[in-house]
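No value in this document is a laboratory result; all are computed from the given coordinates. Bear in mind the structure is a predicted one, so any value in this text is a computation, not a measurement. All Cβ positions, glycine included, derive from the backbone under ideal geometry; neighbour counts span all protein chains shown.
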Amino acid sequence: MTTTFSSLPVVDVGPLGSPSGPSTEEATTLGQRLYEVFATTGFAYLTNVPLSFNHADVFQLSREFFALPEEEKMKLAKRSFRRDHHNTYRGYFPTQPELASDNLKEGFEMGPAQPIHTTSSVAPSSKFNLAEPNVWPDTSVFPSRAKLEKLYVELQTLASQLLSLLAVSLGKSADFFAPYLEDSLSTLRLLHYPAVSSAASGSGTAGSDEVKLSCTQHTDSGILTLLHQDSTGGLEVRNSSGEWVAAPYIPESLVVNIGDLMAKVSGGRFVATMHRVCAPELTSSAAAMTGQQNSKGRALGRISVPFFFEPGENCLVRSVDGDEGFVLYGEHVRAKMKTWVEFQDDEDN
């Protein structure tokens, strides 16, 4: 259960970047620290992360994508938004103010570069193909595909390292989560939360429910989330007293949290914590100062890049305590998708 924390803890994961990996002592200490984090706040900042991309690199890739002309982005739109398109799980989704004025974001989602070799146990009539290939803009307008694919691989590697540490902290072998990595469906998401005027955003502050939201309160549905967030701010996490605690930007850090499935896998030892995103108030002049603008000088708002570690579609997810109950990941995520605005359209409502 969450505690009455007033800030998020910071965890130095520098030992993971060692060429030979962390020592046994370092791994044990780091695993125990992560256990403590996920058993109390459910969220933390990771510092000294073993990635070859710094924040400037990651946010520049995102800005390049969202600065594309609308017609180029819509060429990648999921079938929910373009009926003649075949992609359903990967690709672009626009903002949908007609469906949710408090969940405004546009995004681009990608999975592994290599085809997923799996036979789905889900009925062919299912609306979403979780194992479908990625879709990309033409290289003439977006030449950064290879960089995003490399970032995806590095984040998947980091997630697997963290899961290994968590497995040991839960009394299991370091390779306990190896089956989760088979045909993994992990998703790298570029997100843009449009800026709103000060008048539209309301006057609430962290700890208040009277705020304009870009993403409503929720827990993540899966196993593990790694988040790059920019300096715009807006992420808030709810503690056990019901207070919303701001999670401000820390340079070159990642925010990490677990989802509902990992809470179940831990046998209830870990907690999936409620969080939300307040709408960014960003003027064009402020955008110019922070680089958060498009090629026409218009404010982009908040940029975030979450990486969701996802098991394979047919992965059996069960508690480390060996309880009889289990869930197929594909069935779990499809049920959750019915509640996500970016996977809804007029025909669904």
Modelling each spin label as a point 7 Å along the Cα-to-Cβ direction, I'd like the Glu182/Glu154 distance in nm, to one decimal.
3.0 nm
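Pairs Lys78/Lys172; Lys73/Lys336; Lys105/Lys127; Lys172/Lys338; Lys147/Lys172: which exceed 30 Å Cα-Cα? The partial results should precede the final answer.
On the way: Lys78/Lys172 39 Å; Lys73/Lys336 25 Å; Lys105/Lys127 22 Å; Lys172/Lys338 33 Å; Lys147/Lys172 35 Å.
Where the Cα-Cα span goes over 30 Å, the pairs concerned are Lys78/Lys172; Lys172/Lys338; Lys147/Lys172.
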When only DSSP loop residues count, what trypsin sites (Lys or Arg not before Pro) in the range 9-101 have their Cβ near at most 14 other Cβ atoms within 10 Å?
Arg83
Round to the nearest 0.05 the FRET efficiency obtained for Met274 and Thr339 when R0 = 22 Å and r is the Cβ-Cβ distance.
0.95
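If packing is taken as the average number of other Cβ atoms within 10 Å across a peptide's residues, how do 6-12, 145-151 rank, most packed first? Don't skip to the answer; put the middle values down first.
Numbers: 6-12: 15.1, 145-151: 16.9.
Averaged packing, sorted descending, gives the order 145-151, 6-12.
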